[in-house]
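In what follows, a single structure is set out as structure tokens and then discussed.
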Amino acid sequence: MELEVVRFQGSRSGERPDGSSGRGKYDADVAAAELGMALWDWEKIEDPPGRRAELLSGVVWINPAPRPVHQHVVRLLTNALADACGPDNLAVFDCEWRIPAADAEALHHAPRPDVLVAPASALRGQVALIGQPLEVVEVLSPGNRKSDIGAKRAIYFDHGALHYVEVSISDDEREVSIAWYRRGNEDWEETIAAHGNQVLVVDDPWPLSIPPNDLLL
């Protein structure tokens with residue numbers, strides 16, 4: 001199934017549903033908000049059956065919903081990260097990360113990483129993360145290779161995620177690979193990668209040791 005790009009024709013950033021402006025004249029000073037979507041428009045959008053909606057640069061992207069093995073890998077990795085990241089942080093799956101546009105009432109991005117780790121204080125009582133995650137994870141799997149993955153990597157880096165992890169499931173769903181990245185000066189830098197029954201060992205941002213194929217068990 002191919003990824004779809006949907007342009008939602010909703011309210012312009014800064015314009016309220018009744019057509020009035022909540023911030024006066026919409027001008028070049030907030031031109032960056034043209035790449036955003038009004039929050040109330042975004043919250044009207046529901047996932048189509050069998051698919052997941054995300055907002056990237058003000059445009060709605062529709063990916064296929066993950067298959068069962070993809071979901072299984074996400075669950076086990078979330079559990080492993082929850083055990084590793086300590087009580088002051090939460091590891092959650094399919095959590096929206098809302099990144100505001102220049103207009104505070106609009107969103108520039110609202111990606112949904114497969115797994116996200118952030119301070120517990122930033123997640124408790126919230127419907128989405130607003131702030132910087134400690135780690136984001138994307139899982140690539142058969143039927144869900146995510147044509148938007150390059151854009152999402154860049155968004156995660158540009159908006160302050162500290163670590164990025166990319167998990168790949170083979171086409172026959174019998175092998176998993178993990179690549180672990182940390183922030184560099186200008187882009188993500190891979191610190192370690194492991195495949196199959198090799199053991200991935202990291203100590204930053206917290207100690208974790210796991211053979212990728214254990215995520216299939």
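Just so it is clear, none of the values below were taken in a lab; they were calculated from the coordinates. Owing to the predicted nature of the structure, the values given are computational and were not obtained by experimental measurement. Note that each Cβ is placed from the backbone with ideal geometry, even for glycine, and that neighbours are counted across all protein chains shown.
Some values worked out for this structure:
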{"read-out": "Kirkwood Rh in Å, taken over region 83-183 so that all alpha-carbon pairs contribute", "value": "14.4"}
{"read-out": "Per-residue Cβ neighbour rank within 10 angstrom, fewest leading, 165, 139", "value": "165, 139"}
{"read-out": "Sites residue 132 and residue 191, calculated FRET efficiency, Cβ-Cβ separation with R0 25 Å, nearest 0.05", "value": "0.85"}
{"read-out": "Over region 138-217, relative contact order from alpha-carbon pairs under 8 Å, at least 6 apart, %", "value": "23"}
{"read-out": "Rough spin-label spacing in nm, given labels placed 7 Å along Cα→Cβ, for residue 183 and residue 204", "value": "1.2"}
{"read-out": "Linear extension gain, residue 79 paired with residue 40, 0.36 nm per residue minus alpha-carbon span", "value": "10.8 nm"}
{"read-out": "Distance (nanometres) between label positions extended 7 Å along Cα→Cβ at residue 52 and residue 104", "value": "3.1"}
{"read-out": "Net charge contributed by nearby residues that have their C-beta within less than 15 Å of residue 95 (K/R +1, D/E -1)", "value": "-1"}
